[in-house]
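Have a look at the structure below, then the notes.
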4 protein chains.
Amino acid sequence: MMEGLNKVMLIGNLGADPELRATPGGKAVANMRLATTDTWTDKAGEKRERTEWHRIVVWGKLAELCHQHLTKGRQVFVEGQLQTREWTDKENRKNFTTEVIATQVTFLGQRPDQRSADPTRTGSRGAATQEPASDGQPPPMDDADVPF
Amino acid sequence: MMEGLNKVMLIGNLGADPELRATPGGKAVANMRLATTDTWTDKAGEKRERTEWHRIVVWGKLAELCHQHLTKGRQVFVEGQLQTREWTDKENRKNFTTEVIATQVTFLGQRPDQRSADPTRTGSRGAATQEPASDGQPPPMDDADVPF
Amino acid sequence: MMEGLNKVMLIGNLGADPELRATPGGKAVANMRLATTDTWTDKAGEKRERTEWHRIVVWGKLAELCHQHLTKGRQVFVEGQLQTREWTDKENRKNFTTEVIATQVTFLGQRPDQRSADPTRTGSRGAATQEPASDGQPPPMDDADVPF
Amino acid sequence: MMEGLNKVMLIGNLGADPELRATPGGKAVANMRLATTDTWTDKAGEKRERTEWHRIVVWGKLAELCHQHLTKGRQVFVEGQLQTREWTDKENRKNFTTEVIATQVTFLGQRPDQRSADPTRTGSRGAATQEPASDGQPPPMDDADVPF
DNA sequence: TTTT
DNA sequence: TTTT
């Protein structure tokens with residue numbers, strides 16, 4: 001019996017191809033950037049639009065499936081939960097990053113285009129790094145973050 | 001017809017009484033901290049528990065209702081959408097804070113205890129401030145953030 | 001402040017073009033049949049699949065938009081609430097039909113095919129009927145069902 | 001990767017204590033009736049209220065937990081999926097009943113009152129029956145309905 | 001900083 | 001048949 005509810009549901013488009021890594025302990029993890037667009041008519045009758053960008057984290061077999069089948073621009077449905085990580089940047093300052101840990105990813109719309117055979121596009125890296133975050137980006141997740 | 005979906009649903013307990021402010025333009029806005037607790041049994045058969053803290057923002061009449069009826073510890077259901085704000089701290093560094101903009105708040109469980117007549121507990125402050133954020137806290141929202 | 005939560009979220013494909021009618025009082029209402037498909041691997045390692053059919057009801061301007069833009073086979077996201085109607089059939093027996101009253105409909109995937117200029121495909125019928133249900137179908141909704 | 005989405009989320013009160021049975025094959029299954037109440041202000045400014053009743057089905061260990069801890073009147077959150085069953089009544093007529101197959105049930109609010117020691121209140125019945133439905137009620141689920 |  |  002769960003104690004609470006922490007549920008996120010998103011439909012949007014990927015801002016880039018998923019990035020697949022492995023934790024030092026060997027768990028697959030994929031990161032995706034997802035844009036959701038909200039459109040409405042304001043009081044002045046003007047059409048308005050706002051895009052929100054979300055950081056999606058996918059673990060395990062689902063991460064591999066996302067890397068195999070999803071590409072930039074693809075429309076997806078994501079179900080998951082919110083998680084905020086604290087990390088320390090190069091200036092030794094605390095930063096907080098909120099991510100959606102996905103438990104379900106559904107590919108929407110048409111079959112994806114065939115994956116290009118781009119040799120620079122690699123999946124699980126041989127050496128997933130945990131070096132201090134640079135340029136204001138949150139560091140990759142590691143085995144302490146594995147949720148299972 | 002909406003273009004995407006950006007939906008959050010939470011059930012948890014308030015970490016503190018809601019804080020009610022007014023934007024310079026006079027819009028009521030309440031901030032609440034909500035804890036959702038996840039419990040599960042890990043592979044070793046151990047009971048595990050994780051608490052996640054969420055920043056909830058409520059606008060308008062709903063903000064006032066939350067301030068009137070909700071107190072620290074109260075269990076609530078929140079429905080809303082994710083929004084990430086960028087802000088600049090005292091050292092002129094960019095920070096990002098993700099919040100849940102609530103569209104529905106449901107009071108769960110028993111009626112709240114009678115509100116204490118604590119004279120220090122005030123609602124809409126006479127002077128909502130917009131000074132640069134201090135001590136790593138995101139600044140209050142202002143009229144540019146009003147979603148209606 | 002809402003008292004409870006009654007929320008349905010579906011992603012599936014339309015089994016037929018939406019049917020648009022008007023209530024006797026002139027409100028637009030569209031009916032759609034939506035299939036959601038669930039796939040999983042059973043204990044024996046077999047791929048299993050189950051399709052569930054849902055009755056979707058859409059009111060007002062959204063009903064007209066659905067009729068204009070959606071066609072059989074189209075993938076959609078539906079958000080709404082459950083409602084069970086009681087109706088009496090020709091043998092004077094009570095029947096119950098559960099429908100999803102949609103508050104949001106999102107068109108997923110590719111732009112719809114151009115609507116065929118089929119002259120038999122008509123929208124709001126001149127004469128929306130309320131005659132007793134025949135052949136086991138629930139009767140059309142009427143103005144008593146208008147939710148606004 | 002799921003093909004679609006079929007999600008229901010409800011917050012309401014139980015109309016009666018959960019009824020626990022076992023299928024002929026020995027699976028625990030609980031049935032609950034849940035009321036969700038919707039309140040709104042209509043165009044004339046009148047307070048309006050509508051209550052919707054839902055049929056909840058819970059399987060396995062979660063069914064047993066619900067039977068142990070939930071009683072009439074208790075407020076709960078239910079997450080699950082819609083399923084419509086077809087069944088034949090005594091007059092050999094087809095009937096359809098839509099149920100919510102719960103995957104999560106959260107007990108909301110205060111701890112439940114201590115369970116009364118009513119000796120007539122029994123849990124899993126020694127003999128779960130499958131006789132043809134009487135008085136317009138859908139028949140109990142059986143092993144063909146077990147979702148796992 | 002909540003709650004069980 | 002629940003609850004506020």
Specify, for chain A, the residue whose C-beta is closest to the rotation axis mapping it onto chain C, with the distance given in whole Å. A:Gly109, 1
Please work out the FRET efficiency for the pair A:Thr84 and C:Ala144, using the Cβ-Cβ distance as r and a Förster radius of 51 Å; give the result to the nearest 0.05. 0.60
Ascending list, in nanometres, of distances separating the B:Asn92 label from those of the other copies (7 Å, Cα toward Cβ): 2.2, 8.7, 8.8
Please state the shape class of the stretch C:23-117: rounded when a/c is under 1.5, otherwise prolate if a/b exceeds b/c and oblate if not, all from the C-alpha gyration tensor. oblate
What's the local net charge at B:Thr39, with K and R +1, D and E -1, over the other residues with C-beta under 9 Å away? 0
Would you mind computing, in nm to one decimal, how far apart the modelled labels at B:Thr41 and D:Gln104 are, each placed 7 Å from Cα along Cα→Cβ? 1.9 nm
Peptide-level mean, for C:92-98, of C-beta atoms on other protein chains within 10 Å: 5
Averaged over peptide C:36-43, how many Cβ atoms belonging to another chain are found within 10 Å of each residue's Cβ? 4
Chain pair C, D: total accessible area buried, heavy atoms, 1.4 Å probe, Å²: 2700 Å²
Measuring label to label, 7 Å along Cα→Cβ, what does C:Ala16 give against each other copy in nm, shortest first? 3.6, 4.8, 5.8
For the stretch B:1-96, which whole-number percentage of the solvent-accessible area (1.4 Å probe, protein heavy atoms only) is attributable to carbon and sulfur atoms? 43 percent
Dipole of the stretch A:27-89, positive direction: furthest Cα of A:Met32, A:Cys66, A:Val78, with charges on the beta-carbon: A:Cys66
Take peptide D:73-84, look around each residue's Cβ out to 10 angstrom, count Cβ atoms belonging to other protein chains, and average those counts. 4
Position B:Lys47, label points 7 Å along Cα→Cβ, spacing to each other copy in nm (shortest first, one decimal): 4.1, 4.2, 5.6
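The values are calculated or read from the model by the stated rules, or taken from the named source; none is laboratory data. Nothing here was measured: the structure is a model prediction, and the numbers come from that model. Methodologically, a virtual Cβ is constructed for each residue, glycine included, from the backbone with ideal geometry; neighbour enumeration extends over all protein chains shown. Note: accessible area is taken over every heavy atom of the protein model, side chains too, but ligands, DNA and RNA are not part of it. Shrake-Rupley method; radii C 1.70, N 1.55, O 1.52, S 1.80 Å.
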